[in-house]
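Note sheet for the following structure.
The values are calculated or read from the model by the stated rules, or taken from the named source; none is laboratory data. Because the structure is a prediction, the values reported are computed rather than measured. Counting neighbours? That spans all protein chains shown, and the Cβs are built from the backbone with ideal geometry, glycine included.
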Amino acid sequence: MVERTFAWLGLSRRLAKDHERLPETGEAMILWSMSRIMLRRLAGAAH
């Protein structure tokens, strides 16, 4: 399950490489990506 989650996060262009100076910025990008993944799944389940 962990490897699959990392693979999903790796699909985000912003997370492909770590260019952030602050760890909080990187954390925010991870939260944004996971939110996007969850919203896509919820939108697909609604159809």
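Quick look at the values:
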quantity	calculated
Boolean, Leu31 is over 14 Å from the mean Cα position of the chain (by Cα) and at pLDDT 85 or above	no
Filter result for Leu42 (without any contact (Cβ under 8 Å) to a residue 24 or more places away in the chain and either surrounded by 13 or more Cβ atoms within 10 Å (Cβ to Cβ) or in contact with a helix residue (DSSP H, G or I) (Cβ under 9 Å, 6 or more places away or on another chain) (or both))	no
Check on Leu9, of a type outside the set (Ser, Thr, Tyr) and loosely packed, with under 11 Cβ neighbours inside 10 Å	no
